[in-house]
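Novice: Got a structure here, written out as structure tokens. Questions coming.
The values are calculated or read from the model by the stated rules, or taken from the named source; none is laboratory data. These figures come from a predicted structure and were not determined experimentally. Reconstructed Cβ throughout: ideal geometry from the backbone, glycine too, with neighbour counts over all protein chains shown. Surface areas here come from the heavy atoms of the whole protein model, side chains and all, with no ligands, DNA or RNA. Shrake-Rupley method; radii C 1.70, N 1.55, O 1.52, S 1.80 Å.
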Amino acid sequence: GGTSPRMRADLPAGQSEVKIDFTVPPQCTNMWKQDINVLGVVHHAHLLGKYLNIEVLRGDSYAGVLRVENQYDFNHQSLEESALKTIKKGDELRMTCAYDTSSKTEAVSFGDLTQQEMCWSAVMYYPAQAVSNPIRGKPDDYVGLCQSPGLGTYSDVSFCEMLYMADARLLLGDYETKTAYSMLDACHYYGAGHATVMPGICPSCADTSSCTTADMPPAGKAFCASEAVCGKLGLSVYPDLNNSVPAELTYCGESEFAFRKSNITAPACMAKGELSAAASLKETIDSFATLQSTSSNSQLAGVRCISLIPVLVVALFAA
């Protein structure tokens, strides 16, 4: 759910409760070979952790919880038996982590240090599955890429389009090259092989390495709006800001899933019994206390005490 700055934005300081969540989508659990049996669950946060829980959603219904830890304590972490014994293929898992940052004056980042924070859980289960370590992506990064304007002469288009035309390294995942190059350079470099090396990125003129600078702006807009970038998370491209809330992003093994979280919530707790039963119990106890204090017959008081025990037990169970 969050173990590094690459996965989470910093937690704001000075708040009694900051809540975040992480979802493992049905697409991920559908990659399992079979349902799994849960033996235990451990939650992990650092010093600011307040409470953590993991819920299971099954289709259109709420299946239950793996574990609820309402008073998280960094110094007392443990593997506990799961309330729900089976997670089925296609289930959606939702983890919630809450933090108390009221003692902090600066934002708190995610990371390995105890002074940083984490939102993490481990589950002991069987049988083993090949895909069992889902990791959260950081959709916030796509918001800046898609919804922010470019710089300088590119201020009328999105930041994504600016990179396409001026410095394509980030879009191509090229973190080794030190010198910036445009997508026009990259498309001409690969020529007719661009469709294999960079599918969906270059305009058709790249087949013959005949693209001009005029061909690249519309190609850049189309690429940035496509399912490869902004469209994947449901974001519109600047200057269109109508769709500014990104979908969730989770990595399951080598697969990447963008999705919208389910809005299913836990059913409300239903009261059993009547408050009047509790009031009646209090009156019974008060009457017995008065009777016991005034009675001089200890044997009779003992009999009355014994006769009241079933009343107290029944009243407690009714409440």
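Novice: What residue, among those in region 56-85 that are within 16 Å of the chain's Cα centre (by Cα) and open to solvent by 30 Å² or more (accessible area, probe 1.4 Å), is nearest to S109 (Cα to Cα)? Step through it out loud before you land on a result.
Specialist: Step one: of region 56-85, the residues within 16 Å of the chain's Cα centre (by Cα) are 56-57, 65-68.
If we keep only those that are open to solvent by 30 Å² or more (accessible area, probe 1.4 Å) too, we end up with 65, 68.
Numbers: V65: 28, V68: 24 Å.
Going through the qualifying residues, I end up with V68.
Novice: Here are some residues: D91, D100. Which one is in contact with a helix residue (DSSP H, G or I) (Cβ under 9 Å, 6 or more places away or on another chain) and among the charged types (D, E, K, R)? Full working, then the answer.
Specialist: Numbers: D100 fails: in contact with a helix residue (DSSP H, G or I) (Cβ under 9 Å, 6 or more places away or on another chain).
Just one listed residue meets the conditions, D91.
Novice: Of the residues K261, K272, only one is charged (D, E, K, R), within 18 Å of Q27 (Cβ to Cβ), out of contact with any Cys (no Cβ under 8 Å at 6 or more places or on another chain) and in contact (Cβ under 8 Å) with a residue 12 or more places away in the chain; which?
Specialist: Values: K272 fails: within 18 Å of Q27 (Cβ to Cβ).
Checking each option against the conditions leaves just K261.
Novice: Let me ask another. Based on what the data block shows, is D156 part of a loop (DSSP other than H, G, I, E, B), surrounded by fewer than 21 Cβ atoms within 10 Å (Cβ to Cβ) and modelled with pLDDT of 95 or more? Step through it out loud before you land on a result.
Specialist: Details: part of a loop (DSSP other than H, G, I, E, B): yes; surrounded by fewer than 21 Cβ atoms within 10 Å (Cβ to Cβ): yes; modelled with pLDDT of 95 or more: yes.
In short, yes.
Novice: Would you mind telling me which numbered condition in (1) modelled with pLDDT of 95 or more; (2) assigned to a loop (DSSP other than H, G, I, E, B); (3) out of contact with any Asp or Glu (no Cβ under 9 Å at 6 or more places or on another chain); (4) not polar (S, T, N, Q) K89 fails?
Specialist: It fails just one condition, (3).
Novice: Being open to solvent by less than 60 Å² (accessible area, probe 1.4 Å), over 23 Å from G253 (Cβ atoms) and of a type in the set (A, V, I, L, M, F, W, C) is the filter here, so list the residues in region 21-55 that pass it.
Specialist: A45, L48, L52
Novice: Going by what's in this entry, would S102 be described as open to solvent by 20 Å² or more (accessible area, probe 1.4 Å), touching an Asp or Glu at 6+ places or on another chain (Cβ under 7 Å) and of a type in the set (S, T, Y)?
Specialist: Numbers: open to solvent by 20 Å² or more (accessible area, probe 1.4 Å): yes; touching an Asp or Glu at 6+ places or on another chain (Cβ under 7 Å): no; of a type in the set (S, T, Y): yes.
So S102 fails the test.
Novice: Right, next: K88 passes all but one of (1) farther than 21 Å from C252 by Cα; (2) basic (K, R); (3) open to solvent by 70 Å² or more (accessible area, probe 1.4 Å); which number fails?
Specialist: (1)
Novice: Now for a separate question. Across region 123-149, which residue is least open to solvent (accessible area, probe 1.4 Å) among those that are among the hydrophobic types (A, V, I, L, M, F, W, C) and either assigned to a helix (DSSP H, G or I) or at pLDDT 90 or above (or both)? Explain how you work it out, then say what you get.
Specialist: We begin by selecting, within region 123-149, every residue among the hydrophobic types (A, V, I, L, M, F, W, C); these are 123-124, 128, 130-131, 135, 143, 145-146.
After this cut, where a residue has to be either assigned to a helix (DSSP H, G or I) or at pLDDT 90 or above (or both) as well, the list is 123-124, 128, 135, 143, 145-146.
On the way: V123: 54, M124: 98, A128: 90, I135: 71, V143: 39, L145: 26, C146: 0 Å².
By that ranking, first place goes to C146.
Novice: Out of (1) under 20 Å from M124 (Cβ atoms); (2) charged (D, E, K, R); (3) free of Cβ contacts under 8 Å to residues at least 60 places away in the same chain, the odd one out for K33 is which?
Specialist: (3)
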